[in-house]
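Report on the following structure.
The values are calculated or read from the model by the stated rules, or taken from the named source; none is laboratory data. For clarity, every value in this text was computed on a predicted model and none was experimentally measured. Cβ: placed from backbone, ideal geometry, glycine included. Neighbour counts: every protein chain shown. The area values use the complete protein model at the heavy-atom level, side chains included, leaving out ligands, DNA and RNA. Shrake-Rupley method; radii C 1.70, N 1.55, O 1.52, S 1.80 Å.
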Amino acid sequence: MLVPMLDLKRQYAALHQELLAALEHVLETQQFILGEQVAAFERAAAAQLGVAHAIGCSSGTDALWLALAAAGIGPGDSVVTTPFSFFASVSSIVRAGATPLLADIDPVSFNLSPSAVASVLDGPRGKNVRAILPVHLYGQCADFSSGKNRGFTIIEDAAQAWGAERNGAKAGGLGNAAAFSFYPTKNLSAAGDAGMVTTNSDELAERVRLLRQHGMRCRYHHDELGWNARMDGFQGAILSIKLKYIENWNEARRAVAVRYHALFTKAGLAEMEPCSAHGVVLPREVPGNRHVWHQYVIRAPRRDALREFLTARNIGSEIYYPVPLHLQNALKGLGYAEGDFPEAERAAREVLALPIFPELREDEQETVVAAIADFLS
Ligand SMILES: *Cc1c(COP(=O)(O)O)cnc(C)c1O
């Protein structure tokens, strides 16, 4: 690859002595599941996010389920979320036994549209809504103030948003509980599967801790049906180290985004919506937000042909996400159809994520923008 979509080896090269020492420590203590390393990561994570509780778990998907289940959301309840996200945002609601109600996105932020959420809440199926599950897609916080003001439980899907802020407050502490993922491609990443639930509620935190370990308060006495959703010691050790660098990495991502913006503008390719055949629509930081640029996602004309063109030039790109969730085979039972969420469907046709990671070099970005300019010329 001339320009990779993501090159984790560059991060590893800078950290490898430190990471190896931490892994060795886990081997010496033999605390492979939860244990001292996970507890230390939980304390440091809570302090960094400014939340009362951070509970390490097995994945972002499990974090979503734990948060929903701990909040008591289950059969008979509906949860409003977006059709334009990773599958787990919706599947976790179904897992919890509740019903997902989808609302269309805002075309600028790609996040839940507050007015679309309001019409779902006021619509015929709105009366069973207990919670809203906003997804902070691509690293930018969603605006869910209307739902919060109306007293709904808010479960943030912050899987892509470690360090993101809205009106000066960090993702993870904006609602009743939040779910993070440390999947290896996320901006704060483990060396395998891992996740976290954060909350300011003592009661929710206690329930999450219970549910992640078979509903077991004391050994082999089970108060309720939980699950095995624990974090490994190795992941806790790795994440403790990376947590010290994430602020710098997020700043580096922000600098990459600023450079893309300048390069596209200089090349005369930056357009406003809707994009024409000669330019691309650049992603924007919505006022009041601190975007952490987990992804840099443009809207492009002839998107699939552009992606093939970039691939032929050994330039990485990705489509997050090509099929909106209401059109997924596994979610047909929700009863939605094509045309129900026009903005999510248009985004699925137009979006293209370009290489972005803290170590991405300026010359690599120039290569990406020059290739897109060639394609459009
Ligand atoms: C990655 C991701 C998840 C799931 O996290 P895993 O750790 O892969 O289980 C959930 N929601 C969103 C928006 C994600 O990007």
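List of remarks:
- Residues satisfying the stated conditions in segment 282-324, i.e. crowded, with 19+ Cβ neighbours inside 10 Å, within 16 Å of the ligand (Cβ to nearest atom) and of a type in the set (A, V, I, L, M): VAL292, VAL297
- Residue within segment 43-53 that is within 16 Å of the ligand (Cβ to nearest atom) and open to solvent by 10 Å² or more (accessible area, probe 1.4 Å) present: no
- A search for C-beta distances below 8 Å between a residue of segment 320-340 that is under 27 Å from MET5 (Cα atoms) and any residue that is acidic (Asp, Glu) and in a helix (DSSP H, G or I), counting only pairs 6+ apart in sequence or on different chains, returns PRO324/GLU345; LEU327/GLU345.
- Meets criteria (more than 17 Å from the chain's Cα centre (by Cα), open to solvent by 50 Å² or more (accessible area, probe 1.4 Å), of a type outside the set (Phe, Trp, Tyr) and not assigned by TED's automatic domain parsing to the domain that holds GLY72) for GLU203: no
- Test for THR81: is it within 12 Å of the ligand (Cβ to nearest atom) and either over 16 Å from the mean Cα position of the chain (by Cα) or more than 28 Å from ILE33 (Cα to Cα) (or both): yes
- Residue, nearest to GLN160 (Cα to Cα), within segment 104-128, restricted to residues that are of a type in the set (A, V, I, L, M, F, W, C) and within 16 Å of the ligand (Cβ to nearest atom): PHE110
- Segment 250-274, subset closer than 21 Å to PHE375 by Cβ and acidic (Asp, Glu), residue surrounded by the fewest Cβ atoms within 10 Å (Cβ to Cβ): GLU273
- Pair list, Cβ under 9 Å, 6 or more apart: segment 148-162 residue outside any loop (DSSP other than H, G, I, E, B), other residue at pLDDT below 90 and open to solvent by 10 Å² or more (accessible area, probe 1.4 Å): ILE154/LYS148
- If you go through segment 175-185 and keep only what is surrounded by fewer than 24 Cβ atoms within 10 Å (Cβ to Cβ) and over 26 Å from SER78 (Cβ atoms), you end up with TYR183, PRO184, THR185.
- Contact map, segment 283-294: first residue in contact (Cβ under 8 Å) with a residue 12 or more places away in the chain, second residue hydroxyl-bearing (Ser, Thr, Tyr) and outside any loop (DSSP other than H, G, I, E, B), Cβ cut-off under 8 Å, separation 6 or more or different chains; pairs are PRO283/TYR138; PRO283/TYR296; HIS291/TYR138; TRP293/TYR138; HIS294/TYR138.
- For the criterion of being open to solvent by less than 20 Å² (accessible area, probe 1.4 Å) and touching a residue at least 60 places away in the same chain (Cβ under 8 Å), VAL117 fails.
- Of the helices (runs of 4 or more DSSP H) lying entirely inside segment 60-144, those containing at least 1 residues that are in contact with a Pro (Cβ under 7 Å, 6 or more places away or on another chain) span 88-95.
- For segment 129-144, a residue qualifies if it is under 23 Å from VAL108 (Cβ atoms) and either outside the structural domain of PHE84 (by TED's automatic domain parsing) or more than 13 Å from the ligand (Cβ to nearest atom) (or both), and the qualifying residues are ILE132, ASP143, PHE144.
- Whether a residue is touching a strand residue (DSSP E or B) at 6+ places or on another chain (Cβ under 9 Å), assigned to a helix (DSSP H, G or I) and not assigned by TED's automatic domain parsing to the domain that holds ALA116 was assessed, and ILE372 passes this test.
- Looking across segment 214-230, just one residue is outside any loop (DSSP other than H, G, I, E, B) and touching a residue at least 24 places away in the same chain (Cβ under 8 Å), and that is ASN228.
- Among the residues listed as GLY147, GLY172, the single one being surrounded by 24 or more Cβ atoms within 10 Å (Cβ to Cβ), within 15 Å of the chain's Cα centre (by Cα) and either within 16 Å of the ligand (Cβ to nearest atom) or not acidic (Asp, Glu) (or both): GLY172
- Candidates ARG307, ARG259, filtered to the one that is outside the structural domain of HIS136 (by TED's automatic domain parsing), part of a helix (DSSP H, G or I) and over 29 Å from HIS16 (Cβ atoms): ARG307
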